[in-house]
Amino acid sequence: MMATVTQETLVELSGRESLTLGRLRGQVVECRSGEVWLTVDGEAGDVILGPNGKHAVVSNGPVVVSAFKPSVLSLRGCRPLAVGVGGALAAFLHLPQLHLLPSTH
């Protein structure tokens, strides 16, 4: 078993708020509370998540999230922990980063 480093970002949305996130391929979007509608460019169909609902992003397109009501999302990405001198630091510094983009909705 290989050790992994996990990065988590929490996003709070007001009711009827939309937000365009950057490319999240390989990350898991989880609705901690509320209800959201996800559109992932390059994936067939949209996804509606309620409390504890999860979606693994497989496309490299931007993700648009729209909250039906006040909601909290968790964005998690995992990477294998590199071995060798400085490996842990290298793995940490190269974790996927969240890039917030202005919403077009």
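The values are calculated or read from the model by the stated rules, or taken from the named source; none is laboratory data. These numbers were taken from a predicted model, which means no experiment stands behind them. Neighbour counts run over all protein chains shown; Cβ positions are idealised from the backbone, glycine included.
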So for region 42-59 (the condition being among the small types (Gly, Ala, Ser), touching a Leu at 6+ places or on another chain (Cβ under 7 Å) and surrounded by fewer than 13 Cβ atoms within 10 Å (Cβ to Cβ)), does at least one residue qualify?
no
Test SER33 against the stated conditions and say whether it is farther than 15 Å from GLU8 by Cα, in contact (Cβ under 8 Å) with a residue 40 or more places away in the chain and assigned to a strand (DSSP E or B).
no
Output the residues belonging to region 1-26 that are part of a loop (DSSP other than H, G, I, E, B), within 22 Å of GLY61 (Cα to Cα) and among the hydrophobic types (A, V, I, L, M, F, W, C).
LEU24
Residue check, THR20 against (1) surrounded by 14 or more Cβ atoms within 10 Å (Cβ to Cβ); (2) within 13 Å of ARG76 (Cα to Cα); (3) of a type in the set (S, T, N, Q), all met but one. Which one?
(2)
Counting just the residues of region 47-105 that are closer than 14 Å to GLY22 by Cβ and either small (Gly, Ala, Ser) or in contact with a His (Cβ under 6 Å, 6 or more places away or on another chain) (or both), which one comes out modelled with the lowest pLDDT?
SER103
Touching a Cys at 6+ places or on another chain (Cβ under 9 Å) and hydroxyl-bearing (Ser, Thr, Tyr) - does that describe any residue in region 34-53?
no
